[in-house]
1. How much length is gained if the chain between GLN63 and HIS2 is pulled fully straight, taking 0.36 nm per residue apart and subtracting their Cα-Cα distance, in nm to one decimal?
2. Within a Cβ distance under 13 Å of GLY33, other residues only, what is the Lys/Arg minus Asp/Glu net charge?
3. Can you tell me how the stretch 1-81 classifies by the Cα gyration tensor, rounded, prolate or oblate, using a/c under 1.5 as the rounded cut?
4. What net charge do the residues around ASP48 carry, taking every other residue with its C-beta under 15 Å from that of ASP48, with Lys and Arg at +1 and Asp and Glu at -1?
Amino acid sequence: MHEELMRVAIALSIENVRTGRGGPFAAVVAKDGALIGRGVNLVTATNDPTAHAEVSAIRAACQALGSFHLTGCELYTTCVSPAPCAWGRSIGPGWHATTTATRAQTLPESALTTPLSTKN
């Protein structure tokens, strides 16, 4: 399953370069093995410094779930490591793991067990 989801991310990154929209950066988010979000780097295409592939995939996953809670989700990225602006979100409470193009990292136990507070 991990290889299949990484292949999707790699195909997205190749397409992103082929179309000239951005660099070779793409990411997908999966929950229970099902792809729920995908994104490519659109920083230069949109002049949006937050439009990293990981952030785009996270946004798409939140839309698909109808929630900002991504408990049990996995992030797959073609980058060696997620962009700093995405990394902070990808290690948030409830994430299961982040898999990069070069290695798989399991999140620290504290990231998996700390509940997300919805209090203001």
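1. Values: separation 61, 0.36 × 61 = 21.96 nm, distance 2.24 nm.
That works out to 19.7 nm of additional length.
2. Spelling it out: positives minus negatives among the neighbours equals -3.
3. oblate
4. That works out to +1.
A short reminder: the numbers here are calculations on the coordinates, not readings from a lab. Predicted, not measured: the structure shown is a model, and the values here were computed from it. Reconstructed Cβ throughout: ideal geometry from the backbone, glycine too, with neighbour counts over all protein chains shown.
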